[in-house]
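Okay, structure first, notes after.
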Amino acid sequence: MDKHAKLITREDVVWNQKETLRPPPYTGSLKKYLKGIEIGDGLIDSLPTSQLLCHGLKSKNDYAVIHMPTPIWVNWEQVRRGQDLWMKNLGRAYQSLGLALLVGFSISRFAEVLYHNGYAQSAKTAFDRYNATGHAIVDWFRYDLSDRTSRGRVSIDMVRRMHGLARRNSRKLFDPAKGEGVPLSQYDMAEVLLGFAIVTISIIEDSMGIKFSLQEKTDMTACWRIIGYYLGILDEYNPCKSWQELEACFEDYMQRTPDRLLSPRPCTFELQRTAIQGFGMGTGLGKEFWYGVHAIQLEGLERRGIVFDKVNILHREPKPGKFIYDISIKKHNSCI
């Protein structure tokens with residue numbers, strides 16, 4: 001642990017998520033992404049709600065992917081190398097994504113949207129939804145993303161529409177007049193890409209003994225850049241433009257991790273509880289295994305010099321609240 005690391009307590013929190021859904025006051029590489037807080041996905045947000053649902057389709061052949069011009073910066077050979085690396089490390093990536101999700105629930109902007117769209121209704125619901133997301137990600141790694149009709153591109157487009165539906169359903173949770181912007185904004189999606197890309201890679205390297213070369217990490221990052229593009233993320237707000245940019249954004253993000261862990265909302269704990277119970281049920285390992293893994297993960301944050309008071313962070317189980325919406329890949333995207 002860094003000898004200069006400071007024990008951060010609740011009294012030290014200068015940005016409190018319990019009081020606001022404004023993003024952190026970043027001062028580093030993520031600062032330039034903050035202006036995306038009021039920008040959603042113009043193309044998707046202009047569609048009627050009926051076009052954000054596809055559960056009535058019989059197969060992916062009935063589905064028309066929104067046309068997106070091929071970006072001039074894409075290197076398809078590099079993207080395919082990145083896809084191959086993710087597939088080669090798929091088991092490690094899956095476990096790392098699950099761990100990233102448990103800590104990611106501490107982001108209140110993210111947690112409120114998931115909670116109010118029904119992701120914590122039950123352990124089974126939680127497992128089904130995150131498992132469906134995992135299967136979708138496999139499609140993104142496995143199939144040709146340069147082909148608009150491929151299973152991977154269809155899957156990305158469906159998830160993009162689901163994001164649009166969740167954004168539409170969650171707008172009342174955010175107050176633009178208070179600087180909270182819109183749900184699932186360009187800024188929010190940039191943070192999501194951090195979780196999928198560098199957080200996952202970091203967990204694999206730090207906890208699983210696998211070390212990637214700079215070229216490999218560059219290729220894996222390029223894979224997520226094009227996925228982000230097809231998910232509707234403007235390249236201006238895509239941190240996967242390079243591995244170096246991704247690293248710089250991650251460093252800035254981690255500076256605010258203690259604040260997140262010390263000022264979570266009740267929905268964070270309910271999402272964690274149902275996800276851990278769901279993972280325990282779905283994997284057959286039991287919830288105590290996942291509680292233990294989460295505890296070890298928090299200790300890992302301490303080893304990085306991110307020190308905080310863990311009181312009430314683990315095992316807190318508030319009473320469930322009312323779910324407003326029911327958004328899920330399984331329900332609305334059954335044609336994936």
| What percent do you get for the relative contact order of the range 119-258 when only Cα pairs under 8 Å and 6+ apart count? | 19
| message | Expected output is a single nm value to one decimal: the length gained when fully extending between Lys18 and Glu245, i.e. 0.36 nm times separation in residues minus the C-alpha distance. What is it? | response | 78.7 nm
| request: List, in order, the whole-Hz ³J(HN,Hα) value for each residue of the range 276-286 obtained from phi through the Karplus relation with A = 6.51, B = -1.76, C = 1.60 and θ = phi - 60°; use x for Gly and Pro. | output: 5, 5, x, 4, x, 5, x, 8, x, 8, x
| request: Work out, step by step, the length gained on full extension between Met254 and Gln51: first 0.36 nm times the residue separation, then minus their alpha carbon distance; give nm to one decimal. | output: 69.4 nm
| Set Lys31/Lys172; Lys31/Lys178; Lys31/Lys211 screened for pairs whose C-alpha atoms are more than 20 Å apart | Lys31/Lys172; Lys31/Lys211
| Taking θ as phi - 60°, what are the ³J(HN,Hα) couplings along the range 227-232 by the Karplus curve (6.51, -1.76, 1.60), each to the nearest whole Hz, with x for Gly and Pro? | 4, x, 4, 6, 7, x
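Bear in mind that the values in this text are calculations on the coordinates, not laboratory data. Note that this is a predicted model, so its numbers are computed, not measured.
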